[in-house]
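Visitor: The structure under discussion is supplied below as structure tokens; questions concerning it will follow.
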Amino acid sequence: MGMSDENWSSATPTAVRLLQYTKADQEEILGNGDDPFGVASAGLTWLPKEEHFGIRHEDRLVAHTGLLRLPVAIGDTKTEVVGVGGVAVSPGMQGQGLAGLVVTAALEHARTMGPQHALLFCRPPLVSLYQHLGWHPLDTHVLVEQPEDRLVTMPLRTMTMPLRDDAHWPAGPVRLFSLPM
Ligand SMILES: CC(C)(COP(=O)(O)OP(=O)(O)OC[C@H]1O[C@@H](n2cnc3c(N)ncnc32)[C@H](O)[C@@H]1OP(=O)(O)O)[C@@H](O)C(=O)NCCC(=O)NCCS
């Protein structure tokens, strides 16, 4: 590898598929604070993601997005969505489009996974950021599973993204047949 390759890669961040994503990887991005995603007050139990995408910068992981398929009902339609979660960018690298890059890379893969739509949950202040990235806020009621057979209303905002040109989000309330991601 010549110098020019290194210079190119540091000037042009690229998102790659990660073979694994551990707690230590998350801490490398966001530190080891109590509530790195700002969602602890919701008191929810979350699912780990199954596929991971990240951006490395100077040998450090600086951004991440995770994916997994989730069974859902949307109104009368039983289907699956690709759940997107764990979106994170190192504090020192925020505001440079890295979340956009890593979410876009994850969605490119999501389009090969089968479901027609991706879905994510976020805090209200992030709705405009995801809208800017092409996501749509969903204003219907969303139920998610929690431990001990509990079913709770999702207190965060739900957003969706079509994964195909002809995708159409059915009308009606949403129920995840799993923990949220
Ligand atoms: C939320 C987070 C991932 C955003 O990362 P980021 O790298 O700063 O985001 P980006 O710079 O890629 O911003 C994405 C786009 O939204 C735009 N944007 C940023 N804030 C915005 C806002 N409040 N309203 C509208 N658009 C906004 C940016 O301009 C950018 O668009 P561009 O690529 O056309 O310039 C980051 O702040 C973070 O890791 N926070 C802590 C963890 C967390 O809360 N994760 C969210 C879990 S849902």
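The values are calculated or read from the model by the stated rules, or taken from the named source; none is laboratory data. The structure displayed is predicted, hence computed values, not measured ones. Neighbour counts run over all protein chains shown; Cβ positions are idealised from the backbone, glycine included. When the accessible area is computed, the model is the full protein with side chains, heavy atoms only, and any ligands, DNA or RNA have been set aside. Shrake-Rupley method; radii C 1.70, N 1.55, O 1.52, S 1.80 Å.
Visitor: Of the conditions (1) on the phi > 0 side of the Ramachandran plot; (2) within 12 Å of the ligand (Cβ to nearest atom), residue 59 satisfies every one except a single condition; which number is it?
Guide: (2)
Visitor: Let me spell it out: the conditions are (1) open to solvent by 10 Å² or more (accessible area, probe 1.4 Å); (2) within 16 Å of the ligand (Cβ to nearest atom), and residue 153 meets all of them except one. Which number is the exception?
Guide: (2)
Visitor: Kindly indicate whether any position in segment 62-79 is within 9 Å of the ligand (Cβ to nearest atom), within 18 Å of the chain's Cα centre (by Cα) and of a type in the set (D, E, K, R).
Guide: No: zero hits.
Results for (1) crowded, with 19+ Cβ neighbours inside 10 Å; (2) within 16 Å of the ligand (Cβ to nearest atom); (3) of a type in the set (Ser, Thr, Tyr), shown as yes or no for each residue.
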position	(1), (2), (3)
116	no, no, no
128	no, yes, yes
172	no, no, no
181	yes, yes, no
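Visitor: In addition: Which residues, counting only those in segment 156-168, are over 16 Å from the mean Cα position of the chain (by Cα) and crowded, with 19+ Cβ neighbours inside 10 Å? Steps first, please.
Guide: Kept after step one, since they are over 16 Å from the mean Cα position of the chain (by Cα), are these residues of segment 156-168: 164-168.
Hits for segment 156-168: nothing passes.
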